[in-house]
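Colleague: Just dropping this structure here.
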Amino acid sequence: MTFCIITHVPHGLKENQFFAYAPYVREMNIWLKYVDEVILVASLEKGDDSAIHLNYEHKNIQFVSIPKMDLLGLKAILRSVWYTPKTCWNIYNAMKNADHIHLRCPGNIGLLGCFIQILFPRKAKTAKYAGNWDPNSAQPFSYRIQKWILNNTLLTKNMQALVYGEWEGSSKNIKPFFTATYREEDKVEVVPRILNDSIYFLYVGTLSEGKRPLYAIQIIEKLTQLGYNVSLDFFGEGKEKEVLQNYCDTNQLNAVVDFKGNQTEAVVREAYKECHFLLLPSESEGWPKVVAEAMFWGCYPITTKVSCLGYMLDNGSRGLFLEINLDADVEQIIAVLKDQGDYNAKVLKSILWSRKYTLDLFENEIKGLLNS
């Protein structure tokens, strides 16, 4: 089988091996176990790999390099428009030479892929929609177009679009799905942390405005002012890092907030095992892998109730939902800190739930998709 991947994820090349963002490549390597040849359509950028990158494991990859599509700023928009015809042609040829077309959505390249796949109604197709599928959520117009095309059975044939959660109005093209990080062999025993004098919080993910990392800091600041011995570690990089560091400098929070940067999966895993709480006050998510990872290791999740997080946390029986009202949210967290029994019960429930979704199950599902 020749498997064609259309993705917006930027790639690199080192010692004749292609690499990209580790969680994405770790998933794709599972898909690629069951294909003979790969046509990979993506942007190829300069730069060395880092702790958050991973190599593809397939030995037969044909890389089709396309320009990065960036719509931030007039110059970037004009450049993207200029290269769009050539990019579309490259995507079309890659799809024409493939047995199976795989789209990574949402994204600008995924948007082009959604339109071009219409020209291949008889080819087998899958799409991974990694964003929020909730039809009632506020999303960019380009995202709504991608969702509409994937869901439309007249335009899109032979498609299995993998989405997070079950939503009204979904056609036969749509398949509720999940993602995973750990295998059955990782299921070693963990127990709830003791809520003692020192309480450890962590944030894992991109430091972007939409994930509200500043709000996470403000929660820790408020708890500190109220006399609680708390700390917060950030794992990740992003455009908001300087803003966050300046806030910590101005408000004398450097003793309780630490920026760890990008770290390997192994380092983040140990942090999950040691911390009491995960803080993720995002405006929007798909299936936030960091939440499932934290739950797997007994780290109590504190999140917003967006996308499928209501399902993941069972409407609050496996964690806590933020209201994005600082005083109210701090009161909620203090109530948890004062109730070890409730904390233990929710942590144990979250462990049991998250450990259903392993890479072993994920791989079996992927194999079924490719053989269907």
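Colleague: Suppose we filter the range 160-177 for residues that are surrounded by fewer than 19 Cβ atoms within 10 Å (Cβ to Cβ) and out of contact with any strand residue (DSSP E or B) (no Cβ under 6 Å at 6 or more places or on another chain); how many remain?
Modeller: Number satisfying all stated conditions: 7.
Colleague: Failed condition for PHE63, given (1) assigned to a loop (DSSP other than H, G, I, E, B); (2) closer than 20 Å to ALA98 by Cα, with all others met?
Modeller: It fails just one condition, (1).
Colleague: Still on this structure, please answer the following. Going residue by residue through the range 117-124, is there one that turns out to be of a type in the set (Val, Ile, Thr) and more than 26 Å from LEU44 (Cβ to Cβ)? Before you say what the answer is, go through the steps one by one.
Modeller: Initially, the range 117-124 is screened for residues of a type in the set (Val, Ile, Thr), giving 118.
Pick out the ones that are also more than 26 Å from LEU44 (Cβ to Cβ) and you get 118.
Yes, the range 117-124 contains at least one residue that is of a type in the set (Val, Ile, Thr) and more than 26 Å from LEU44 (Cβ to Cβ).
Colleague: Here is a further query. Looking at ILE118, ILE199, can you tell me which residue is in contact (Cβ under 8 Å) with a residue 24 or more places away in the chain and surrounded by fewer than 16 Cβ atoms within 10 Å (Cβ to Cβ)?
Modeller: Values: ILE199 fails: surrounded by fewer than 16 Cβ atoms within 10 Å (Cβ to Cβ).
From the options ILE118, ILE199, the qualifying one is ILE118.
Colleague: Is one or more of the residues making up the range 1-19 of a type in the set (Lys, Arg), without any contact (Cβ under 8 Å) to a residue 24 or more places away in the chain and loosely packed, with under 13 Cβ neighbours inside 10 Å?
Modeller: Taking the range 1-19 and keeping what is of a type in the set (Lys, Arg), we get 14.
Pick out the ones that are also without any contact (Cβ under 8 Å) to a residue 24 or more places away in the chain and you get none.
No, that holds for no residue.
Colleague: Considering each of ASN55, ASN136 in turn, give the residue that is farther than 28 Å from LEU359 by Cα and outside the structural domain of LYS289 (by TED's automatic domain parsing).
Modeller: Selected residue: ASN136, the only one of ASN55, ASN136 that is farther than 28 Å from LEU359 by Cα and outside the structural domain of LYS289 (by TED's automatic domain parsing).
Colleague: In the range 238-329, which strands (runs of 3 or more DSSP E) lie fully inside it and hold 3 or more residues that are touching a residue at least 60 places away in the same chain (Cβ under 8 Å) and either assigned by TED's automatic domain parsing to the domain that holds PHE201 or farther than 22 Å from GLN340 by Cα (or both)?
Modeller: Numbers: elements: 257-261, 277-280, 300-303.
Fully inside the range 238-329 and qualifying: 277-280.
Colleague: I've got another one for you. Which ones in the range 131-159 are farther than 17 Å from LYS305 by Cα and either among the small types (Gly, Ala, Ser) or in a loop (DSSP other than H, G, I, E, B) (or both)? Walk me through how you get there before you give the answer.
Modeller: The first filter runs over the range 131-159 and keeps only residues farther than 17 Å from LYS305 by Cα, leaving 140-159.
The answer is PRO140, SER142, ASN152, THR153, LEU154, LEU155, THR156, LYS157, ASN158.
Colleague: Output yes when any residue across the range 28-35 is surrounded by fewer than 16 Cβ atoms within 10 Å (Cβ to Cβ), under 20 Å from the mean Cα position of the chain (by Cα) and modelled with pLDDT of 95 or more, and no when none is.
Modeller: Yes - at least one qualifying residue is present in the range 28-35.
Colleague: Just the residues that are among the small types (Gly, Ala, Ser) and in contact with a strand residue (DSSP E or B) (Cβ under 8 Å, 6 or more places away or on another chain), please, taken from the range 178-201. Steps first, please.
Modeller: Narrowing the range 178-201 to residues among the small types (Gly, Ala, Ser): 180, 198.
The one that is among the small types (Gly, Ala, Ser) and in contact with a strand residue (DSSP E or B) (Cβ under 8 Å, 6 or more places away or on another chain): SER198.
Colleague: Among the residues of the range 205-233, what is the count of those that are under 26 Å from the mean Cα position of the chain (by Cα) and closer than 12 Å to CYS275 by Cα?
Modeller: Our first condition is that a residue be under 26 Å from the mean Cα position of the chain (by Cα); within the range 205-233, this holds for 205-220, 231-233.
Filter once more, so that each one left must be closer than 12 Å to CYS275 by Cα: 231-233.
Number of matching residues: 3.
Colleague: Now for a different question. What residue, of THR126, THR206, THR181, is among the hydroxyl-bearing types (Ser, Thr, Tyr) and under 30 Å from ASN93 (Cβ atoms)? Don't jump to the end; show me each part of the working.
Modeller: Numbers: THR206 fails: under 30 Å from ASN93 (Cβ atoms); THR181 fails: under 30 Å from ASN93 (Cβ atoms).
Of the residues listed, the single one that is among the hydroxyl-bearing types (Ser, Thr, Tyr) and under 30 Å from ASN93 (Cβ atoms) is THR126.
Colleague: In the set LEU162, LEU207, which member is in a strand (DSSP E or B) and either outside the structural domain of LEU326 (by TED's automatic domain parsing) or of a type in the set (A, V, I, L, M) (or both)?
Modeller: Numbers: LEU207 fails: in a strand (DSSP E or B).
Result of the check over LEU162, LEU207: LEU162.
The values are calculated or read from the model by the stated rules, or taken from the named source; none is laboratory data. What you see is a predicted model, and the numbers here were worked out from it, not measured in a lab. Cβ: placed from backbone, ideal geometry, glycine included. Neighbour counts: every protein chain shown.
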